[in-house]
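Novice: To start, I am sharing the structure in question, which I have written as structure tokens.
The values are calculated or read from the model by the stated rules, or taken from the named source; none is laboratory data. Given the structure is predicted, the values throughout are model-derived calculations rather than measurements. All Cβ positions, even for glycine, are placed from backbone atoms using ideal geometry, and neighbour counts span all protein chains on display. Note: accessible area is taken over every heavy atom of the protein model, side chains too, but ligands, DNA and RNA are not part of it. Shrake-Rupley method; radii C 1.70, N 1.55, O 1.52, S 1.80 Å.
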Amino acid sequence: MCDEAYSSAVDPRRSRISVAEIALAVGGFGIGTGEFAIMGLLPQVADDVGVSVPKAGAVISAYALGVVVGAPLIAVLAARFSRFRVLLVLMLLFAIGNFASAIAPDFYTLVAARFFAGLPHGAYFGVAALVAAGLAAPNQRARAVGRVMMGLTIATLFGTPLVAWFGQALGWRSAFAIVGAISLLTIALTWSYVPRDKGNPQATPLRELGALGKLQVWLMLGICAIGCGGMFAVFSYIAPALTEVAGVSVANVPIMLSVFGAGMILGNIVGSRLADWALLPAIGIALAFNILAYVLFYFTMGNPWIAIVNVLFIGGGFAVVPGVQTRLMDVSGEAQTLAAALSHSAFNLANALGAWLGGWSIAAGYGWTSTGLVGAVMGVAGFGIFLASVFVDRAETIKRASMRAAE
């Protein structure tokens with residue numbers, strides 16, 4: 001359910017709503033670019049701050065930890081305030097974190113700056129999704145959420161490689177400066193085009209924490225953390241799988257990564273439309289598709305042409321995201337801000353868990369494509385959680401019908 005108070009306060013004109021969604025998507029583009037661009041610049045970072053490449057990887061972990069910590073903390077504390085103003089503050093914090101990263105004098109300062117930059121990540125996407133859904137018609141909420149998330153998917157296709165290129169040409173610090181500039185642009189667009197709201201004084205931290213008492217919220221978060229981990233298990237090691245198994249040249253790996261980004265965009269579009277058609281079936285279909293994609297990855301990566309299809313399908317696994325995000329809004333009751341933000345904490349847990357399990361299977365000697373089987377197992381576990389959610393939902397529906405009949 002979307003906030004009726006917010007919906008009634010906004011300008012209903014379609015053109016203004018579209019521009020507001022674009023403004024929110026630009027913020028997602030900046031966050032996605034800032035999160036992933038550093039992965040292609042680690043050697044330069046390590047050399048500049050005087051640490052090894054593995055140790056420099058701590059800057060990535062610090063950002064992810066910031067997301068996990070910041071999403072629920074900020075969501076609880078900011079729930080009562082105007083979502084318009086919360087978006088501005090969150091993007092300002094993100095800008096400060098990236099500019100601080102650009103001028104960090106040493107390794108530990110850089111780690112601290114990346115942690116700070118990660119704090120507003122999840123809360124921004126959560127609040128932006130709520131605003132977009134509140135602006136949309138009831139039967140188009142998932143597509144509105146998908147349009148906000150489109151900024152993140154476009155970042156994987158264009159923003160990340162472009163900013164990484166600037167980072168290689170002008171120095172890694174320029175990458176963070178560019179992301180900071182995108183953040184300032186988002187602030188200007190949000191100020192100009194996102195409708196103001198008055199906030200909700202009744203949205204206390206205690207009420208937001210009430211979301212944690214709802215079984216359906218935990219089930220959806222479980223789908224995020226476990227069912228979506230397969231994509232990260234595969235993608236974290238996609239480059240060596242392409243070069244060592246599929247026979248793709250190193251020079252063509254960036255092209256294949258762009259195919260993954262294209263898959264994310266297609267998955268976001270299709271998943272959003274499916275979720276508006278039928279929310280729970282859409283989540284189940286997306287999870288089943290992911291399992292199939294991971295199995296195909298394991299068995300068919302030996303052919304470079306089929307590998308293109310596999311990479312596209314793995315990226316298409318993003319189709320589950322709009323549905324899960326919208327479902328969280330429905331099952332969280334009045335505690336929407338926390339629930340919407342927690343999904344991004346759960347996705348970062350999926351990133352960590354999937355990468356760890358995929359690395360374990362490779363280290364155990366099962367081969368580069370064994371990550372596909374890891375992904376399939378995680379996908380099956382996620383589908384099991386989904387079935388549990390469906391069962392609980394039907395049981396609650398029957399219980400409510402029985403109570404009405406008794407009255």
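Novice: Answer yes if at least one residue in segment 315-334 is within 25 Å of I154 (Cβ to Cβ) and either open to solvent by 40 Å² or more (accessible area, probe 1.4 Å) or polar (S, T, N, Q) (or both), and no otherwise. If you could, list the steps in order and put the result at the bottom.
Specialist: Pass one, segment 315-334, residues within 25 Å of I154 (Cβ to Cβ): 315-329.
Still in the list and also either open to solvent by 40 Å² or more (accessible area, probe 1.4 Å) or polar (S, T, N, Q) (or both): 325-326.
Scanning segment 315-334, I find at least one residue that is within 25 Å of I154 (Cβ to Cβ) and either open to solvent by 40 Å² or more (accessible area, probe 1.4 Å) or polar (S, T, N, Q) (or both), so the answer is yes.
Novice: Looking at G375, G382 in this structure, which one is more than 30 Å from V76 (Cβ to Cβ) and within 20 Å of the chain's Cα centre (by Cα)?
Specialist: Of the residues listed, the single one that is more than 30 Å from V76 (Cβ to Cβ) and within 20 Å of the chain's Cα centre (by Cα) is G375.
Novice: Within the group A9, A5, which residue is touching an Asp or Glu at 6+ places or on another chain (Cβ under 7 Å) and at pLDDT below 75?
Specialist: Selected residue: A9, the only one of A9, A5 that is touching an Asp or Glu at 6+ places or on another chain (Cβ under 7 Å) and at pLDDT below 75.
Novice: Could you identify the single residue in V259, V270 that is farther than 17 Å from R143 by Cβ and open to solvent by 20 Å² or more (accessible area, probe 1.4 Å)? Spell out the reasoning first.
Specialist: Details: V270 fails: farther than 17 Å from R143 by Cβ.
Just a single option satisfies the conditions, and that option is V259.
Novice: L152 - would you say it is surrounded by fewer than 16 Cβ atoms within 10 Å (Cβ to Cβ) and either more than 21 Å from T369 (Cβ to Cβ) or of a type in the set (F, W, Y) (or both)?
Specialist: no
Novice: On to the next question. On the basis of being within 18 Å of G180 (Cβ to Cβ), in contact with a helix residue (DSSP H, G or I) (Cβ under 9 Å, 6 or more places away or on another chain), surrounded by fewer than 22 Cβ atoms within 10 Å (Cβ to Cβ) and not polar (S, T, N, Q), does A58 make the cut?
Specialist: In short, no.
Novice: Return yes when F299 is open to solvent by 50 Å² or more (accessible area, probe 1.4 Å) and either out of contact with any Cys (no Cβ under 8 Å at 6 or more places or on another chain) or in contact (Cβ under 8 Å) with a residue 12 or more places away in the chain (or both) and no when it is not.
Specialist: Here the answer is yes, as F299 does meet what is asked.
Novice: Follow-up. Are any residues in segment 219-250 under 17 Å from V377 (Cβ atoms) and β-branched (V, I, T), and if so, which ones?
Specialist: Once the filter is applied, which keeps residues that are under 17 Å from V377 (Cβ atoms) and β-branched (V, I, T), segment 219-250 yields I223, I226, V234.
Novice: How do the helices (runs of 4 or more DSSP H) wholly within segment 291-391 filter down when requiring 3 or more residues that are within 21 Å of E208 (Cβ to Cβ) and of a type outside the set (D, E): which remain?
Specialist: In segment 291-391, 320-331, 336-363 are the helices (runs of 4 or more DSSP H) which contain 3 or more residues that are within 21 Å of E208 (Cβ to Cβ) and of a type outside the set (D, E).
Listed here are the residues, each with its yes/no results for (1) part of a helix (DSSP H, G or I); (2) closer than 28 Å to L221 by Cα; (3) more than 17 Å from the chain's Cα centre (by Cα).
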{"site": "Y63", "(1), (2), (3)": "yes, yes, no"}
{"site": "V67", "(1), (2), (3)": "yes, yes, no"}
{"site": "G70", "(1), (2), (3)": "yes, yes, no"}
{"site": "V76", "(1), (2), (3)": "yes, yes, yes"}
{"site": "F81", "(1), (2), (3)": "no, yes, yes"}
{"site": "F84", "(1), (2), (3)": "yes, yes, yes"}
{"site": "L90", "(1), (2), (3)": "yes, yes, no"}
{"site": "Y108", "(1), (2), (3)": "yes, no, yes"}
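Novice: Continuing with this model, one more query. Being more than 25 Å from R147 (Cα to Cα), aliphatic (A, V, I, L, M) and open to solvent by less than 20 Å² (accessible area, probe 1.4 Å) narrows it down to one residue among A307, A350; which is it?
Specialist: Just one listed residue meets the conditions, A307.
Novice: Are any residues in segment 112-168 aromatic (F, W, Y) and closer than 20 Å to I60 by Cβ, and if so, which ones?
Specialist: Correct list: F115, F116, Y124, F125, W165, F166.
Novice: If you go through segment 86-95, how many residues are open to solvent by 10 Å² or more (accessible area, probe 1.4 Å) and touching a residue at least 40 places away in the same chain (Cβ under 8 Å)?
Specialist: 3
Novice: In segment 62-85, how many are at pLDDT below 85, open to solvent by 30 Å² or more (accessible area, probe 1.4 Å) and more than 24 Å from L42 (Cα to Cα)?
Specialist: Here the count works out to 4.
Novice: Out of (1) open to solvent by less than 30 Å² (accessible area, probe 1.4 Å); (2) touching an Asp or Glu at 6+ places or on another chain (Cβ under 9 Å), what's the single condition that is false for R207?
Specialist: Only one criterion is unmet by R207, namely (1).
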